[in-house]
Amino acid sequence: LALYFHIGEREEKCIIEDTPSDTLVVGNYKVQRWDIHKHDFLESAPGLGMFVTVTSPSGEVILSKLYGPQGTFSFTSYLSGEHIICFQSNSTRFAVIAGSRLRIHLDIRVGEHFLDESAVQAKDKVNEVHVRLQHLIEQIHHVTKEQDYEREREEKFRKTSEETNSNILWWAIVQTLILISVGIWQIKSLRDFFISKKLV
Amino acid sequence: VRALCLAALLSALGAGATELTLELPDSAQRCFHQELESGVKFTLDYQVISGGHYDVDCYVEDPNGKTIYQETKKQYDSFSHHTELKGVYTFCFSNEFSTFSHKIVYFDFQVGDEPPILPDMNNRVTALTQLESACVTIHEMLNAVIDSQTHYRLREAQDHSRAEELNGRVSYWSVGETLILFVVSIGQVMLLKSFFTEKRVSSGGAGT
């Protein structure tokens, strides 16, 4: 039931995920190729793979792997910030020749910890409730992490605004001083000039 | 029942929703498609986080190609629709009106009404037990938390982007204005001096 979008054979499309640090991000995708003869998208074309590249906020590439036509990739964010997830097919054909497009189904989940179903199916009912409660607690921890990250960002934002504010004030003072001193210089210079030319 | 309640509470937190943040280069359009049944309600929320005037064009088409929603230059909006046809619905974001500012757009596409977290919550004969009603309350509150977090995160990103732009503009313009100030004032004096130098020569010649 995932969303899908189209991409050219050699094109690269990226999405941005803004996550706090220490968060697990899991992505599921499926690639289909347009078949000219059948005028439809084929299920998992053989030999087709997908390069998935994940860039961390500091510009460092933390994941760069070739996956098959269908797969799951995951990474844990070390830094908090914008992670860029890019998809590019490993097709060697040029888009111009084939006029072919790829359809990518995508589903990305951030910060969800997957329940270990086998532990849940334990016969002991009390244990089952216990496991589920643990899961719930982990999810609430994720909420707290997001809130801390938000607090970090708000601080950066406030610093930028204060810097702008003091910048404006400082530059206004400097410019006024320059204006006054240059004005005085102008008058002095012109007066000396006229006196030297014996016009005054 | 207790375990079922908790399971439903956990799974319903992400039922049929996709949220993505993407970068929209200038003069480009990005489309997304989703296969939906008929009689299903979907909601598309989108917001422009940074770039230019923080606005984007958006349209939604039903499987027959009919446009069911179209807006130009919107900063954020929320669109809900009950599907009548089964098929592939398309929604697109377009930055074609902009020539040099690429935008970052966040969208959230939610499908379907959320199922009640207790399977037979609405047509029960007996009242809910304490544990069950606690589950329902926690579920509703967590949903509110998710919405609230998303809302504030997007607003902060947008405001932060504007603040950085403002800071950059102030710095560049200040330096530029100072340079212009120097150039203009020194130029004025030079120009005036050059006028008087020529006139002196010509008036001296006319006098005698």
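Quick notes on this one:
- Neighbours of residue B:73, meaning other residues whose beta-carbon lies under 15 angstrom from its beta-carbon, give a summed charge of -4 when Lys and Arg score +1 and Asp and Glu score -1.
- For the residue pairs A:156/B:103; A:65/B:74; A:13/B:73; B:41/B:73, the alpha carbons lie more than 29 Å apart in A:65/B:74.
- The reciprocal of the average 1/r between distinct C-alpha atoms defines the Kirkwood hydrodynamic radius, which for region B:42-169 equals 17.7 Å.
- Local net charge near residue B:38, Cβ-Cβ under 13 Å (Lys/Arg +1, Asp/Glu -1): -2
- Accessible surface buried upon B-A contact (total; probe 1.4 Å; Å², nearest 100): 4700 Å²
- Summarising the overall dimensions of region B:119-195 from its C-alpha atoms, the Rg and Dmax are 31.8, 102 angstrom.
- Values of log10 I(q)/I(0), in the order q = 0.11, 0.18, 0.24 Å⁻¹, for region B:16-113 under a Debye, Cα-only, solvent-free model: -0.30, -0.77, -1.23
- The convex hull defined by the C-alpha atoms of region A:141-197 has an orientation-averaged projected area of 4.1 nm².
- Contact residues in region B:22-49 (at least 40 Å² less accessible area with all protein chains than alone, 1.4 Å probe): B:30, B:32, B:33, B:34.
- Inter-chain Cβ neighbour average for residues B:182-193, partner chain, 10 Å: 3
- Neighbourhood net charge (9 Å Cβ-Cβ; Lys/Arg +1, Asp/Glu -1) for residue A:157: -1
The values are calculated or read from the model by the stated rules, or taken from the named source; none is laboratory data. None of these values were measured; they are calculated from a predicted model. Quick reminder, even Gly has a Cβ in these numbers, built from the backbone with ideal geometry, and neighbours come from all protein chains shown. Areas reflect the complete protein model, heavy atoms only, side chains present, ligands, DNA and RNA absent. Shrake-Rupley method; radii C 1.70, N 1.55, O 1.52, S 1.80 Å.
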